[in-house]
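Please treat every number below as a calculation from the coordinates, not as lab data. Remember, it's a predicted structure, so these values are computed and weren't measured experimentally. Cβ: placed from backbone, ideal geometry, glycine included. Neighbour counts: every protein chain shown.
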Amino acid sequence: MKKSPIALGILFALSQATVAQTVTEKEVIVTATRVAQTADTALASVTVLDRQTIEKSQATTVTDLLRGVAGIDITRNGGKGKSASVFMRGTASDHVLVLIDGVRVGSATTGTASFQYLPTSQIERIEVVRGPRSSLYGSEAIGGVIQIFTRQASKTPRITASVGGGSDSTYQVTAGISGKNNNTWYSAYIDRFATDGFNACAGSTSGGCYTIEPDDDAYDNTAFNVRLGQQVSENLSIEGYMLRATGNTEHDSSRANELDFVQQVIGLKTTLDINDKVDTTLNIGQSRDETDSFGHDKPIGVFNTETLNVSWQTNWAVSENSIFTFGYDYKKDDIDSTVAYAIDSRDNHGYFLQYQGQYGNTDLVASIRNDDNEQFGNRSTGSIALGYRISPTVRSFLSYGTAFKAPSFNELYYPNFGDANINPEESKSLELGFAGNEKEYNWSFSVYRTEIDQLIGGYPVQNVDEATINGIEASFGMQIAGWDVRTSFDWLKPEDDKTGNLLPRRAEKTFKLALDRQLGQWQMGADVIAQSHRFDDVKNTKRVAGYGVLDMRAEYSFNKNWSLKARIDNVFNKEYELIRHYNTPDRAYFISVHYQN
């Protein structure tokens, strides 16, 4: 069988891999360059969360899972299913591009993705790339890219199921089937999750939710994903996929305190190996972000976003050590809302070119992109990264990239708030990184600087601010006395250039620790996260104290098919806030039984 450029890319990456045989070395990532490569050879700071990691963590939502990733800070307006903001390296929550199976997702009105509605049972892996990626993906990728891959088909027929329950009358039921028959592969998974929750907002008429509603705020979610693929010929494959999550969540507000939601991605992907040097991929997908808000059982408003994505990409391996990638992305947003937006549709055409090459111990990746947006015209971005292998187990890289964020429909056209004349936010970032992958341990260290111009803020909105973010990111992993130990530390200084104040809701210091150990049929683990204080306002007058939380988990395997899992979050029942006046979970437990053939 002919080797496609993607396969050649993996071989190219493996040829640069370190001698040490570790899990990290074998991980393959595609998000950093849109071409497959092993994670330890990417000239960027990356994290891969595979299915094994997801199951071991026992996390039920994507936000719970991402809390443990270096460079990521998450705030949430209450418990599960409540609005969550994901900050990457101190940039804003709408400076993170989110993809599901290569399809851009998120609300075109708010400009952010609804991580809180995505259950981990539907996810095969998550790739996190920190640092600008607009030169490959266009708007949003100032802080980085998070790509979520839904469940894949297994090589042999497999059935999975689980049932569990815990604190706050929480329960979850999952089931799935997947397999392969000759040249056809298939998978289907379903998840039902519900909880009575707890009081999301502590209650204040002067901040937070600006109301006092001392009731539990429930949440329920029914999600499923399906995948069907066919190897049509030796050189051609076609695959269809769908993810859909629907449900209801309650929160505290004097106006809209409940909403129904729909999150959906549906797509069709074809891959053609033209010859042993060239392959091409066409991915056509549609994402939907829909909310229907209610206020004390009365209809308040509808905000529905429908986004069409068309992505065509060709990889050309000009030699064993050189790959060109070029392509075209089309995106069209349509808004259907009870709010009268002056404009409710826009499209974007993106063209990109990338080169990857190896010259002895030196690697080079360079890319350039132009986006032609119907609303604000052309924006060009670029990036370049140089890597050098200091020794067989230690490498370094230096990268520079520019990025931008297109204004959301709310920022442009929401009545009495938006301004159709505001400009996209723009950034430039520089990063120096080192990483080692020894037999006994692995480590990484990066220092970075991001400058953002034309930051959108104020009421009504304007391009009012400039910000500079300096940061250090370090991680370390090894085995100690049978324990797998993984730690990370983040220090960042996200400052408003005009005032010198810290950007709101970002902690300056974050320490994360994960411990895991296998003892016969037992698997035990613990997670610690500790963060310094943050401010809840741009003037830095509303301080939110730092905190530290311990979570513990255990799993017992009765045999190869059946297992029992238990998790205790916030073991010491720590009281803390991430957003002023909003509650965080007390000590909580969850126990579940799992089957897999």
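The table below gives the values:
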quantity	calculated
q = 0.18, 0.24 Å⁻¹: log10 I(q)/I(0) that the Debye formula gives for the range 511-566, counting C-alpha atoms only	-0.69, -0.91
P(r) of the range 112-259 over all Cα-Cα pairs, binned every 10 Å from zero, in whole percent	10, 26, 27, 25, 8, 3, 0
Exposure proxy order (Cβ contacts within 10 Å, fewest to most) of 446, 85	85, 446
Solvent-free Debye scattering, log10 I(q)/I(0), computed from the Cα coordinates of the range 461-597 at q = 0.17, 0.19 Å⁻¹	-1.00, -1.12
Farthest toward positive dipole pole in the chain [+1 Lys/Arg, -1 Asp/Glu at C-beta], among 108, 224, 46	46
The range 76-231, relative contact order [Cα under 8 Å, separation at least 6], %	20
Dimensionless Rg/Rh of the chain - Kirkwood Rh, Rg from C-alpha atoms	0.94
FRET efficiency, residue 491 to residue 587 (Cβ-Cβ, R0 25 Å, nearest 0.05)	0.25
Relative contact order (%) - criterion: Cα under 8 Å, at least six apart; region: the range 58-126	33
Check: the range 291-352 dipole with +1 on Lys, Arg Cβ and -1 on Asp, Glu Cβ, in debye	120
The range 387-459: mean projected area of Cα convex hull, nm²	6.8
Relative contact order %, the chain, counting alpha carbon pairs below 8 Å whose residues are six or more apart	12
Residue 398-residue 330 pseudo-label distance in nm [points 7 Å out on the Cα-to-Cβ vector]	4.2
Order of 291, 205 - criterion: other Cβ atoms within 10 Å of each residue's Cβ, fewest first	205, 291
Taking the convex hull of Cα positions in the range 255-407, its mean projected area over all directions (nm²)	13.1
Mean Cβ count within 10 Å, highest first, over the residues of peptides 135-141, 574-580	135-141, 574-580
